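See below for the structure under consideration.
The values are calculated or read from the model by the stated rules, or taken from the named source; none is laboratory data. Just so you know, these numbers come straight off a predicted model, no measurement behind them. Note that each Cβ is placed from the backbone with ideal geometry, even for glycine, and that neighbours are counted across all protein chains shown.
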């Protein structure tokens with residue numbers, strides 16, 4: 001609504017200015033003031049088009065347009081850029097006419113006052129539209145604000161022309177118009193380029209992609225960040241991001257990660273409407289396995305069916321199915337009376353474990369390890385020693401709930 005109201009207010013202001021300059025230009029005989037009135041009339045059409053585009057972009061989605069009418073805003077932005085370029089051509093034509101056909105003016109004081117009032121009004125109008133455009137991140141409204149800002153210069157040309165006429169110097173306006181026309185062409189082509197690229201779903205802010213990749217990659221549980229795709233559609237942005245996560249992909253885990261990723265992307269991208277997170281499990285090339293054991297006999301140690309009460313844990317580094325290294329450590333929490341399971345969990349997390357093979361595990365430790373993306377495998381009921389368990393690791397079932 002803010003954007004639509006800004007465009008409507010702009011249109012009404014331009015109608016008043018065009019009428020004022022047209023009437024004063026007609027009675028004063030100022031051709032440049034009349035030409036500026038025609039130029040302002042083109043701005044009325046452009047502002048009206050922006051208002052229509054913003055109204056269309058806010059419509060609810062329909063069957064034929066499931067993603068909404070957001071890109072109407074970008075289409076209008078392209079149209080406004082064409083109007084800007086056309087305005088540049090008009091100014092060049094006015095300059096050439098003033099060189100070959102200089103004319104005198106009547107009511108010079110009133111004409112000068114009208115031109116100065118036009119400069120002040122157009123400057124205020126451009127600032128107003130730019131502020132609202134940045135607030136709602138509307139490309140079309142910002143483009144229209146830039147257009148209004150160029151009109152400040154065209155109005156200044158009128159002031160210079162009238163002052164020059166008063167002093168008997170009638171050629172000053174032509175040189176100024178030619179210089180300003182070049183500025184207008186540059187602005188118009190820049191806006192047209194951005195509009196076309198946006199309509200083709202190009203994302204122009206490459207730095208934001210780099211920052212998103214770095215910040216998402218630092219989230220606990222995210223192993224790698226794949227392709228990131230963002231596209232602007234009118235006032236809003238749609239996005240997709242591919243990630244590999246540590247451990248298994250279950251709905252709750254993906255949900256938690258998606259919420260955190262969306263917060264990060266929203267910090268970098270204004271008006272993010274929707275973000276699709278495609279998550280898949282990352283392959284563990286190196287597994288750091290923890291197994292509770294009863295004694296310190298290396299890979300031949302007898303396994304323990306308990307978690308917190310296990311006197312020792314053996315830590316095995318498995319790469320491509322082969323044991324690379326191992327070591328045994330005493331469980332510092334085995335003799336505790338309270339929070340034994342929680343302390344054991346912290347011990348395993350500090351050792352960088354990503355796989356736990358266990359027989360019995362309580363609710364607290366289970367959820368803490370799962371939230372830390374540690375994969376938990378069910379210990380076989382009949383097993384001889386650690387080495388035999390590790391040989392069957394690919395066949396073990398994943399624990400999806402606490403066992404105690």
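Within the stretch 355-384, can you find the residues that are at pLDDT below 85, under 20 Å from residue 328 (Cα atoms) and out of contact with any strand residue (DSSP E or B) (no Cβ under 7 Å at 6 or more places or on another chain)? Scanning the stretch 355-384 gives a single hit, 384.
Being modelled with pLDDT of 75 or more, more than 19 Å from residue 115 (Cα to Cα) and buried (at least 16 other Cβ atoms within 10 Å of the Cβ) is the requirement here; does residue 143 meet it?
Values: modelled with pLDDT of 75 or more: no; more than 19 Å from residue 115 (Cα to Cα): yes; buried (at least 16 other Cβ atoms within 10 Å of the Cβ): yes.
Criteria not met by residue 143.
Taking the stretch 240-268 as the range and being in a strand (DSSP E or B) and at pLDDT below 80 as the test, only 245 passes. Among the residues making up the stretch 354-378, those that are more than 20 Å from residue 319 (Cα to Cα) and assigned to a loop (DSSP other than H, G, I, E, B) are 359, 360, 361, 362, 372. Among the numbered conditions (1) under 25 Å from residue 398 (Cβ atoms); (2) surrounded by 18 or more Cβ atoms within 10 Å (Cβ to Cβ); (3) more than 41 Å from the chain's Cα centre (by Cα), the only one that residue 287 does not meet is (3). For the stretch 159-186, what are the residues that are modelled with pLDDT under 75, touching a helix residue (DSSP H, G or I) at 6+ places or on another chain (Cβ under 6 Å) and closer than 27 Å to residue 82 by Cα? If the condition is that a residue be modelled with pLDDT under 75, touching a helix residue (DSSP H, G or I) at 6+ places or on another chain (Cβ under 6 Å) and closer than 27 Å to residue 82 by Cα, then 161, 173, 174, 176, 177, 178, 180, 181, 184, 185 are the ones that fit.
Taking residue 299, is it within 46 Å of the chain's Cα centre (by Cα) and either part of a strand (DSSP E or B) or surrounded by fewer than 18 Cβ atoms within 10 Å (Cβ to Cβ) (or both)? In short, no. Tally up the residues in the stretch 304-315 that are in contact with a helix residue (DSSP H, G or I) (Cβ under 6 Å, 6 or more places away or on another chain) and closer than 14 Å to residue 385 by Cα, please. So the count comes out to 1.
Results for (1) more than 14 Å from residue 364 (Cβ to Cβ); (2) in a strand (DSSP E or B), shown as yes or no for each residue.
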position: 289; (1), (2): yes, yes
position: 295; (1), (2): yes, no
position: 336; (1), (2): no, no
position: 346; (1), (2): no, no
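Please verify whether residue 335 is out of contact with any helix residue (DSSP H, G or I) (no Cβ under 9 Å at 6 or more places or on another chain) and at pLDDT below 90, treating the condition exactly as stated. Yes; evaluated as a whole, the condition is true for this residue.
Looking only at residues in the stretch 123-139 that are part of a helix (DSSP H, G or I) and under 20 Å from the mean Cα position of the chain (by Cα), the one that is farthest from residue 156 (Cα to Cα) is 136.
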